[in-house]
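Readers should treat all values here as calculations from the given coordinates under stated rules, not as data from a laboratory. Source: prediction; values computed, not measured. Here the Cβ positions follow ideal geometry from the backbone for every residue, glycine too, while neighbour counts run over all protein chains shown.
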Amino acid sequence: MSRKRITEGDCGPCAEAIKNEVAEEVVERVLKDMIHEIKNPMTQIGGFANRNLRDLESGELSEGKIIFPAAVVEKIKKRNGIIQREMVRLGNILDTSADFVSHQKLNLQKIDLHSIFWEMIDLERDERIRIFMNFDLKKEVVIDREKIKMLILNLLINAKEAILDSPRRHKGVIRVKTWAGERQALFEISNNGNPIPENDIGRIFNPLFTTKENGSGVGLAISKAIVKAHKGNIEAKSSPDWTSFKISLPLYF
């Protein structure tokens, strides 16, 4: 009795599902290791930043007693504060990623979605890129604030990178739009950077798939998982002029 070798073509959709399931497991393992490896140096950076501040205030450095001008101390204090603040932000992102990997429950709250957009847009502003906002969502949404922050940040970073890698890098535009459907809160983030190839548009949310030279293939996979956890939907469209990510979330979770 001869045995037929089963190929991907024979299995059809099931082969793709199996590949995605394996890829998701790989992503989980990679993320867990990555979070652990990033947190270790973060602790050291934070510790050295605090130590530098104490040394500045006391004037004690390895070379001996040094008196720094007050203006210099204040300037370095300010920079040190930025380091510490960004370390806290990075820690929150890592904690949110760890929760996602561990399949933690959502911490749902009734929130003004626009407040998250303003916060994330301020973080990702770039003088080379114009950002246009059309906020027309007049209802609060029930969401996990930290996870939706990660979602919006991922999409804004994606948009910025697409623009800066394109011939339009000096005429870049990001458009952010929100509105309400019958039972949904909807928002869309569009950019005029490099388009997503037509053959890739259906795969960009697959774990470990990336069109970028140095991409990880994790950001959009996490974004889709966050939307799915909120019982929402995310879709991407791309043309030579614009690439858009449209997200819908239920108004009443």
| Placed amide H near R169: partners under 5 Å, 5+ positions off or other chain | none
| note | With F135 itself left out, Lys, Arg at +1 and Asp, Glu at -1 over residues whose Cβ is under 15 Å from its Cβ give -2
| said: Using the Karplus curve 6.51 cos²θ - 1.76 cosθ + 1.60 with θ = phi - 60°, what ³J(HN,Hα) values do you get for each residue of segment 133-139, in whole Hz, with x for Gly and Pro? | reply: 10, 10, 9, 10, 8, 9, 10
| note | Sorted by chain and number, the residues with a modelled amide H under 5 Å from that of M133, at a separation of 5 or more or across chains, are V176
| remark: With label points set 7 Å from each Cα along the Cα-to-Cβ direction at K139 and K246, the distance between them in nm comes to 1.8 nm
| request: Could you work out the local net charge near K171, counting Lys and Arg as +1, Asp and Glu as -1, over the other residues with Cβ closer than 11 Å to its Cβ? | output: +4
